[in-house]
1. For region 219-230, indicate whether the set of residues that are touching a Gly at 6+ places or on another chain (Cβ under 8 Å) and either in the same structural domain as GLU128 (by TED's automatic domain parsing) or more than 29 Å from PRO52 (Cα to Cα) (or both) is non-empty.
2. Can you name the residue in region 382-430 that is among the charged types (D, E, K, R) and more than 24 Å from THR357 (Cα to Cα) and is also surrounded by the most Cβ atoms within 10 Å (Cβ to Cβ) among such residues?
3. Taking only pairs six or more apart or across chains, which ones have beta-carbon atoms under 8 Å, a first residue in region 302-322 that is touching a residue at least 60 places away in the same chain (Cβ under 8 Å), and a second residue that is surrounded by fewer than 14 Cβ atoms within 10 Å (Cβ to Cβ) and hydrophobic (A, V, I, L, M, F, W, C)?
4. Look through GLY274, GLY296, GLY288, GLY265 and report the one residue that is surrounded by fewer than 17 Cβ atoms within 10 Å (Cβ to Cβ) and not polar (S, T, N, Q).
5. Can you pull out the residues in region 303-331 that are among the small types (Gly, Ala, Ser) and either outside the structural domain of ILE425 (by TED's automatic domain parsing) or farther than 30 Å from LEU214 by Cα (or both)?
6. Pick out the one residue from LEU249, LEU222, LEU244 that is in contact (Cβ under 8 Å) with a residue 12 or more places away in the chain, of a type outside the set (Ser, Thr, Tyr) and crowded, with 20+ Cβ neighbours inside 10 Å.
7. Please return the ranges of strands (runs of 3 or more DSSP E) entirely within region 327-412 where 1 or more residues are modelled with pLDDT of 95 or more.
8. Can we say ASP132 is touching a Pro at 6+ places or on another chain (Cβ under 9 Å) and assigned to a loop (DSSP other than H, G, I, E, B)?
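The values are calculated or read from the model by the stated rules, or taken from the named source; none is laboratory data. Nothing here was measured: the structure is a model prediction, and the numbers come from that model. Here the Cβ is made from the backbone with ideal geometry for all residues, glycine too, and neighbour counts use every protein chain on show.
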Amino acid sequence: MKKLFSLLFSAALVSPAMATVSIEFQFGAVNVPSGSLGVLVADVNNDGFQSPGEAAGATLTAGQKIGADDVVIQVFSNATLTDWGSQRGFADQFAVIDYEALGVAEGQSLSLYVFPDRTAGASLRTGEPHLDYRSEDLGDFTANSNMEFALPADGGAYLLAVLGTEVGGEADLATMDISRFPVTGSGGTINRSLTATASHTYFFDFAAAGGFSLFGQTPAGLVASLYDPNGDLVVATDGSANFLINRDLQAGLHTLVLSNGPGSGPLAYNLDFGSDSLRSVRPDVAVGISLTGLSGAGVYGTPSGQTIILTSTKARAVTGITSVSNAGGLPDSLKLSGMAGSRLFTVSYQGPNGNITSGLIAGTANTPEMDGADTPIAIRTTIIPNKKKLTKRRGNRSIILKRSQTTMVRATSTFDPSMSDFGIIKAQTK
């Protein structure tokens with residue numbers, strides 16, 4: 001008998017009159033945090049298991065009920081076994097399980113619940129984060145198993161072994177993955193990968209109602225589903241590619257489940273989470289004669305307030321500054337475009353790394369990824385009048401014709417192309 005690599009139900013050979021079963025239990029390998037709690041539950045009426053997240057107040061103690069008729073058979077702690085490497089599992093021995101005392105009987109379905117960051121005797125909370133596992137597929141059990149996921153006949157010796165492929169078993173335990181969202185201050189990030197059959201479950205606790213923002217960078221195929229403390233689906237993404245979830249959430253425990261869409265292979269993903277405000281992309285363009293005298297910050301989509309006029313005397317070159325930023329909380333690379341000059345005026349643009357005139361005019365220039373915490377990018381716009389074409393003779397003297405040239409730099413969100421802003425610099429000769 002493989003003791004380290006099995007999920008075992010072994011019954012001591014006792015007299016049937018004693019109506020007791022002893023259990024040795026091992027389950028691996030699974031990806032749950034150290035300190036997780038395992039709870040074995042029987043469905044007394046075989047009418048389906050009630051979600052622990054909907055059974056607030058029930059205590060995690062043998063004999064207690066979760067919902068109307070799901071009885072806790074035993075509670076045990078997470079174990080770290082060297083044979084399972086970085087993956088975790090459960091290993092414990094339960095001395096005596098008395099069917100009569102618990103009010104359970106042979107044949108009643110069993111389910112394993114896994115609770116992160118809980119201790120025996122704790123009370124369930126609304127929206128309690130958890131994973132559940134049961135299987136009726138004999139292919140999930142090791143060859144020496146002699147019972148199903150149901151209470152065995154009273155008395156006798158039984159074995160139920162469920163092992164992940166990492167430790168030589170046949171069971172697919174890729175969905176047994178749960179962890180708290182890593183929050184520092186009011187946000188956090190995650191960089192991970194899903195295997196083809198995996199799902200990753202995260203949970204977080206809102207102390208009070210407020211804004212929630214989640215930006216996911218992922219190829220097509222990953223689906224994000226957010227559930228509220230009542231277990232109701234708040235929103236699910238369509239799996240097309242990058243996604244943004246902006247919601248006002250109620251207080252309590254919330255659960256995020258990431259899974260692969262049908263036919264998807266392994267997928268890498270990045271998550272950026274914030275709880276201080278709802279986030280969006282907000283291109284913000286301002287203009288001025290210097291970085292300390294800009295107009296148009298916080299003004300969007302209108303010439304009013306973000307237009308400056310520069311006067312060129314004697315057809316001299318004039319220079320203005322365009323500042324580009326993302327005032328939103330969602331990181332994004334902004335697409336930049338600019339207006340070309342004319343036969344009377346030459347227009348050039350200098351960015352932080354040199355001349356970007358051709359890229360701006362073609363509309364192919366981009367900022368690095370930035371959000372509201374990043375320093376704005378400055379673009380120097382130089383407008384040079386064509387002195388030869390703007391100079392006319394009147395009698396014995398030369399005069400400069402009064403003409404004007406308008407330039408504009410526009411910044412457009414890559415993530416949401418409907419969001420853009422612009423700044424206008426106008427030069428006029430005198």
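1. Start the filter on region 219-230 by keeping residues that are touching a Gly at 6+ places or on another chain (Cβ under 8 Å), which leaves 220-224, 227-230.
In the following step, the residues that additionally are either in the same structural domain as GLU128 (by TED's automatic domain parsing) or more than 29 Å from PRO52 (Cα to Cα) (or both) were identified as 220-221.
Checked against the condition, which is being touching a Gly at 6+ places or on another chain (Cβ under 8 Å) and either in the same structural domain as GLU128 (by TED's automatic domain parsing) or more than 29 Å from PRO52 (Cα to Cα) (or both), region 219-230 yields at least one hit.
2. So the first thing to find is which residues in region 382-430 are among the charged types (D, E, K, R), and the list is 387-389, 392-394, 397, 402-403, 410, 416, 421, 426, 430.
Narrowing the set further to residues that are more than 24 Å from THR357 (Cα to Cα) leaves 392-394, 397, 402, 416, 430.
Details: LYS392: 10, ARG393: 8, ARG394: 7, ARG397: 7, LYS402: 9, ASP416: 16, LYS430: 10.
Among those that are among the charged types (D, E, K, R) and more than 24 Å from THR357 (Cα to Cα), it is ASP416.
3. ILE321/LEU291
4. Testing whether each residue is surrounded by fewer than 17 Cβ atoms within 10 Å (Cβ to Cβ) and not polar (S, T, N, Q) leaves just GLY265.
5. SER304, GLY305, SER312, ALA315, ALA317, GLY320
6. One residue alone meets the criteria, LEU222.
7. Where strands (runs of 3 or more DSSP E) fall fully within region 327-412 and carry at least 1 residues being modelled with pLDDT of 95 or more, they are 334-338, 345-351, 377-385.
8. Working: touching a Pro at 6+ places or on another chain (Cβ under 9 Å): yes; assigned to a loop (DSSP other than H, G, I, E, B): no.
So ASP132 does not fit the description; no.
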